[in-house]
1. In percent, what relative contact order does the chain have, based on Cα pairs under 8 Å that are 6 or more apart in sequence?
2. Give the Kirkwood hydrodynamic radius (Å, one decimal) of the chain, defined as one over the mean of 1/r across all pairs of different Cα atoms.
3. Can you give the Rg/Rh ratio of the range 65-122, where Rg is from the C-alpha atoms and Rh is the Kirkwood radius?
4. What percent does the relative contact order of the range 1-63 come to when contacts are Cα pairs within less than 8 Å and at least six residues apart?
5. Treat the range 1-71 as a sphere of radius equal to its Kirkwood radius over Cα pairs and apply Stokes-Einstein at 10 °C in a medium of 1.306 mPa s; give the translational diffusion coefficient in µm²/s, rounded to a whole number.
6. Using 1/(1 + (r/R0)^6) with R0 = 22 angstrom and r between the beta carbons of residue 114 and residue 30, what's the FRET efficiency to the nearest 0.05?
7. Length gain on complete extension for the stretch residue 102 to residue 57, per 0.36 nm per residue less the alpha carbon to alpha carbon distance?
8. In nm, give the distance between the simple-model label positions of residue 45 and residue 74, each being 7 Å from the Cα along the Cα-to-Cβ direction.
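Throughout, read-outs are computed from the coordinates displayed, never taken from laboratory work. On a predicted model such as this, the values are computed, not experimentally measured, just so you know. Cβ placement follows ideal geometry from the backbone for every residue including glycine, while neighbour counts extend to all protein chains displayed.
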């Protein structure tokens, strides 16, 4: 494993955990930690951006250009992740196992569809 990949793996994992923990803190009323959750989530987002910048620097790559296609992919990714998350909430929080599983599977399929969308089919 290259050094840049390892650094991106560690930083990406930490940023993802901070973001997820922040969202749980902010959105679960039982935890009563909305303000702290927003702070943790924001730190996770900032660390994720820093991870991308550090990885690009270590790989001597330029940042991706912001075109309409890139913005569409970003929006699609966010929507797909939200669909998967809603499916998980339906199963775990609202006890709607069948519908939650179907919505979660739809989110997984949407995320898998990112591979040919970004890499293309050869």
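1. 18
2. Answer for the chain: a Kirkwood hydrodynamic radius of 16.4 Å.
3. 1.12
4. Averaging sequence separation for qualifying contacts and normalising by length gives 37 percent for the range 1-63.
5. 119
6. Here the calculated transfer efficiency is 0.10.
7. 12.2 nm
8. Those two pseudo-labels are separated by 1.1 nm.
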